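**Student:** Got a structure for you, questions after.
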Amino acid sequence: MSFLKTTKITTPSTPAASTGLWYYDNTLSPARPTFMDENGTKYPLTQTTCKLTADLGATSSTTLTDTTGLSFAVVSGTYYRITFHVIFQTANTGSGLKLGLTTPTFTTLAATATIPFAADGSAGAFQGWITSSGDSVVATGVEATGTNYLAVLDISILPSANGTVQVQHARGGASANNVTIQDTSNGTLQIIN
C-alpha cells in the first residue's frame, strides 16, 4: 500500500462513504487518525508530532512555565513513548536551561532529560531523571552564547488518567540572563501497542 498525500486531522469525524481516506476514529482507545484502504481495513496512526514554528519569548525566570506548543494529550491505560527535542539559546554562558514536565496521574513514568552545558566531550551534557509531574533537570550554563543547543526529553508513560504531557522550561544557572526556546523544537508521540 502506498500513501500519496496526508492531511492533518484536527476534529473528530466518521469514515467517508468511499475508502482510501484518512478519518478520525472515535471507536479506538485512544481515538486517533486512521486510514481505511479500499478493502475497508483500518490502519490507526500510532505516531503524531508537534513543533514550534516561532521562538518563544525569552525568560530569565527560574520558575518553570509551560513550553507552549510542546505537549501531547494522553489517554488513561494507553502506553506511550514520547520524545521532545528542545532547541534553546542563552544570553550568557552562566545561564543554562531548566527543563521539566507535567503529566496526568500515572501508573508508570520514566523520563530522562539530557541538556548541553559545556564543551563537547564526555562531560558536555547534564543528564537527569524526571520521576514525577512537576519534576525538572537543571543545567547551569552553556559553552557559548547565541548558539543553538539541543536538549532531549525521553519519556515512557502509562497514564492512569486522561490529561496532557506538557514540557516546561525556565532559566538554569546563576546568571540572570535570558534563555529562549527556539523554533523547530519538536516532539514525537508513539502509541505502544
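The values are calculated or read from the model by the stated rules, or taken from the named source; none is laboratory data. Model, not experiment: these values are computed from the prediction. Here Cβ is always computed from backbone atoms with ideal geometry, including for glycine, and neighbour counts include all displayed protein chains. Protein only, heavy atoms only, side chains kept; ligands, DNA and RNA dropped before computing areas. Shrake-Rupley method; radii C 1.70, N 1.55, O 1.52, S 1.80 Å.
**Student:** So between THR112 and THR164, what do we pick up on full extension, going 0.36 nm a residue minus the alpha carbon distance? Please report the intermediate quantities before stating the final value.
**Tutor:** On the way: separation 52, 0.36 × 52 = 18.72 nm, distance 1.79 nm.
Gain in length upon complete extension: 16.9 nm.
**Student:** Report the gain in length on full extension from ALA54 to ILE192: 0.36 nm times residue separation, minus Cα-Cα distance, nm rounded to one decimal. Provide the component values of the computation, followed by the final result.
**Tutor:** Numbers: separation 138, 0.36 × 138 = 49.68 nm, distance 3.03 nm.
Additional length available on full extension: 46.6 nm.
**Student:** A further question on this structure: Quick one: pull the percent of accessible area on the chain belonging to carbon and sulfur, 1.4 Å probe, ligands and nucleic acids left out. Let's see the in-between values first.
**Tutor:** Details: 4920 of 9780 Å².
Exposed carbon and sulfur together represent 50 percent of the surface.
**Student:** To continue, here is another question. Find the accessible area per residue for the chain; the probe is 1.4 Å, ligands and nucleic acids are left out, and the unit is Å².
**Tutor:** Numbers: 9780 Å² over 193 residues.
It amounts to 51 Å² per residue over the chain.
**Student:** What is the distance in Å between the Cα centres of the stretch 119-191 and the stretch 61-111?
**Tutor:** 6 Å
**Student:** Moving to a separate point now. Starting from the amide H of ASN162, placed 1.01 Å from N in the peptide plane, find each other amide H under 5 Å away whose residue is 5 or more places distant or on another chain.
**Tutor:** SER76
**Student:** If you take the charge dipole of the stretch 46-193 about its Cα centre, with +1 on Lys and Arg Cβ and -1 on Asp and Glu Cβ, which of GLY173, GLY57, ILE155 is farthest toward its positive end?
**Tutor:** ILE155
**Student:** Now a separate question. At 1.4 Å probe size, put TYR79, TYR24 in order of accessible surface, largest to smallest. Don't jump to the answer; show the numbers that get you there.
**Tutor:** Working: TYR79 130, TYR24 55 Å².
Greatest to least solvent exposure: TYR79, TYR24.
**Student:** Which label marks the calculated value of Cα Rg over 2.2 N^0.38 Å, given the options [x] 1.24; [y] 0.96; [z] 1.17?
**Tutor:** Among [x] 1.24; [y] 0.96; [z] 1.17, the one derived from this structure is [z].
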